[in-house]
1. Out of all the residues in the range 324-331, is one or more under 17 Å from Ala252 (Cβ atoms), part of a helix (DSSP H, G or I), modelled with pLDDT of 95 or more and charged (D, E, K, R)?
2. Do the conditions hold for Pro120, that is, is it under 20 Å from Asn44 (Cβ atoms), modelled with pLDDT of 95 or more and surrounded by fewer than 24 Cβ atoms within 10 Å (Cβ to Cβ)?
3. Restricting the first residue to the range 156-171 and requiring it to be touching a residue at least 60 places away in the same chain (Cβ under 8 Å), which pairs with a second residue that is among the polar types (S, T, N, Q) meet a Cβ separation below 6 Å and a spacing of at least six or different chains?
4. Quick check on Ile3: is it at pLDDT 95 or above, of a type outside the set (D, E, K, R), assigned to a helix (DSSP H, G or I) and out of contact with any strand residue (DSSP E or B) (no Cβ under 7 Å at 6 or more places or on another chain)?
5. For the range 242-257, check the following and say yes or no: at least one residue is out of contact with any Leu (no Cβ under 9 Å at 6 or more places or on another chain), surrounded by fewer than 22 Cβ atoms within 10 Å (Cβ to Cβ) and more than 25 Å from Ser152 (Cβ to Cβ).
6. Of all residues in the range 245-304, how many are basic (Lys, Arg), assigned to a helix (DSSP H, G or I) and within 30 Å of Gly190 (Cβ to Cβ)?
7. Can you name the residue in the range 208-236 that is of a type in the set (A, V, I, L, M) and at pLDDT 90 or above and is also farthest from Ala341 (Cα to Cα) among such residues?
8. Among the residues of the range 293-318 satisfying the criterion of being surrounded by 21 or more Cβ atoms within 10 Å (Cβ to Cβ) and β-branched (Val, Ile, Thr), which is farthest from the ligand (Cβ to nearest atom)?
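The values are calculated or read from the model by the stated rules, or taken from the named source; none is laboratory data. The shown structure was predicted, so the numbers you read here are calculated from the model rather than taken from an experiment. Cβ sites come from the backbone with ideal geometry, for glycine too, and all protein chains shown count toward neighbours.
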Amino acid sequence: CGIQTRTQQLSFFMTLFLVDAKSPFVSKTELPKYYQPWMETARNVPKLIDSHSLRTHIHQMPLLETHFMKSHRELRLAHLALSVMTMGYVWQEGDRDTVKVLPRILAVPYCEVSQRLGLPPILTHADAVLANWKKKDPQGPLDMENLELLLSLPGGESVRGFFLVTMLVELAAVPGVKAIPKVIAGVRQGEVATVTRALDSISLAINGMKEAFKLMHGVHLCCRWKDNPCMAEGLVYEGVQAEPMEFSGGSAAQSSLLHCFDELLGVKHETKSGTFLTRMRDYMPPAHKQLIQDISSHRPSLRDFVLERNNAGLVSAFDRCVSQLVSFRSYHINVVSRFIAVPAARAKQLRSQDQGSEPDQAIIGKAPTALEERGTGGSAIMSLLKTARDQTSNVTIHGPLSSTKTSDLTLISELSSRLSL
Ligand code: HEM
């Protein structure tokens with residue numbers, strides 16, 4: 001009975017947030033007419049930023065009540081729209097002229113909607129990726145050509161690619177997440193064959209995530225008002241609270257996928273990366289956070305079961321899952337080094353040489369400065385990502401995977417060859 005209840009509970013949480021590939025229209029695309037001023041403005045954010053008129057436009061919007069929205073999907077769309085307007089409002093003039101106060105027209109409804117959803121009032125992964133897509137042709141496939149964003153930020157194709165590819169990574173994970181309750185039920189019932197099969201589905205799904213990730217050709221950094229030198233004091237949400245509030249920006253670290261797989265496989269993150277990853281759970285919809293907790297609290301643990309049964313097929317299936325997760329994290333590290341760490345380091349180098357030629361200025365202008373501004377040149381982030389990858393590798397039954405070292409070498413050689421350009 002306990003097993004049944006737990007499995008039902010897990011299925012309940014999954015249907016609550018997962019994309020159902022058979023009827024993929026989980027995103028709401030319109031709000032009731034009353035909220036037209038929000039949707040119209042949110043849809044025009046890139047254009048209004050371009051003409052430096054978004055802030056003025058927002059000041060002229062009416063202050064809207066939030067109680068006309070009833071469903072979870074409406075609230076998620078409203079959170080997305082308010083998030084996009086807020087990001088645009090704060091960064092209309094780039095890093096150099098951010099604001100200290102978010103006007104009540106945005107701040108009050110934003111905080112009300114956030115509270116009802118259990119999300120923070122900042123653009124999260126759940127907004128930008130999970131609630132921000134639709135099929136152009138409803139009968140067509142779920143692929144890049146047939147997908148579009150509901151709302152965007154300045155950056156055109158690269159923003160579109162970044163959010164939609166991340167959505168496709170989520171979609172590829174669905175069969176893997178659906179296999180988790182099967183693993184848990186199998187462990188409880190002592191069914192080695194069931195657990196082995198379910199683990200194989202998870203391996204396949206993680207491999208699919210990496211394949212989908214390969215479609216990523218650009219980067220978009222979501223900004224934050226926590227540990228951000230451009231907004232050292234955070235942001236005051238006018239009409240909500242007099243003291244400034246601080247929030248981390250959107251990151252796929254807020255996706256529940258890897259958290260779920262980590263908890264299932266028993267990956268223990270060390271203090272620094274663990275603290276960061278635990279904090280990221282506060283940026284997920286509460287049902288996602290609950291799902292991760294449910295997976296982590298099931299007993300006996302999967303790893304103990306695999307060790308105890310000592311069945312060759314089961315051990316290999318478990319190790320294959322770990323290996324796929326390590327491989328996904330290694331690929332992610334390569335992507336981060338290619339799109340962020342290398343351009344940031346190159347720009348920093350050029351800046352310190354102060355050559356000032358035109359092509360150099362172009363490289364400096366394009367480089368993502370967010371990592372440099374943390375004062376680490378990106379090394380702290382790279383170390384966080386590598387530690388998370390190595391901790392994953394540690395849970396294999398047959399010892400840490402050698403592929404870890406190989407990928408480090410690839411990464412280092414890539415980094416050094418690019419830096420000596
Ligand atoms: C161009 C694409 C991407 C870039 C540049 C990127 C960048 C980053 C950065 C800088 C971090 C460090 C933490 C932070 O500052 O937020 C991070 C963490 C993380 N990212 Fe990404 N990311 C990308 C795509 C993805 C995708 C598609 C996923 C999977 C859905 C993902 C999953 C994660 C996870 C789970 C973490 C936490 C560390 C870990 O658990 O290994 N990222 N990412």
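1. Yes, some residue in the range 324-331 is under 17 Å from Ala252 (Cβ atoms), part of a helix (DSSP H, G or I), modelled with pLDDT of 95 or more and charged (D, E, K, R).
2. On the way: under 20 Å from Asn44 (Cβ atoms): no; modelled with pLDDT of 95 or more: yes; surrounded by fewer than 24 Cβ atoms within 10 Å (Cβ to Cβ): yes.
Taking the combined requirement at face value, the residue does not satisfy it.
3. Going by the 6 Å Cβ cut-off, the qualifying pairs are Val159/Ser152.
4. Working: at pLDDT 95 or above: no; of a type outside the set (D, E, K, R): yes; assigned to a helix (DSSP H, G or I): yes; out of contact with any strand residue (DSSP E or B) (no Cβ under 7 Å at 6 or more places or on another chain): yes.
No, not satisfied.
5. Taking every residue of the range 242-257 in turn, at least one turns out to be out of contact with any Leu (no Cβ under 9 Å at 6 or more places or on another chain), surrounded by fewer than 22 Cβ atoms within 10 Å (Cβ to Cβ) and more than 25 Å from Ser152 (Cβ to Cβ).
6. 2
7. Let us first name the residues in the range 208-236 that are of a type in the set (A, V, I, L, M), namely 209, 212, 215-216, 219, 221, 231-232, 235-236.
Filter once more, so that each one left must be at pLDDT 90 or above: 209, 212, 215-216, 235-236.
Numbers: Met209: 22, Ala212: 22, Leu215: 19, Met216: 16, Leu235: 27, Val236: 31 Å.
Per the criteria, the residue is Val236.
8. Once the filter is applied, the top-ranked residue is Val306.
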